[in-house]
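The structure under discussion appears below in the form of structure tokens.
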Amino acid sequence: MRAPAACGECGEQERARYRWESEELRDLLLNPHLRQLLLTIDQAENKSSLMRKFMQEPLFVEFADCCLRIVEPPEKENILPE
């Protein structure tokens, strides 16, 4: 999957398409435990405190990190040359 050079170059629909084309994200969302965590957050009254609790769960942290990499890809200047 090739992401655009800069997020400013694409619209919201295109960014959404890149999120769903992420094989890593799709694989994570197949996990029934993660799906239950997400449903629990969605239905919770106090979402922020539940999010803090779930950030202690390695699977949820992996999901959050994956989402962040899609929304905000690492900058090239932060990558060390080989």
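The single condition among (1) modelled with pLDDT of 90 or more; (2) surrounded by fewer than 13 Cβ atoms within 10 Å (Cβ to Cβ); (3) closer than 15 Å to Cys66 by Cα that Leu39 does not meet is (3). Under the condition of being among the acidic types (Asp, Glu) and more than 17 Å from the chain's Cα centre (by Cα), the residues counted in region 37-55 number 1.
The values are calculated or read from the model by the stated rules, or taken from the named source; none is laboratory data. Computed from a predicted model, the values in this text were never measured in an experiment. When we count neighbours, we look across all protein chains shown, and the Cβ atoms used for this are built from the backbone with ideal geometry, even at glycine.
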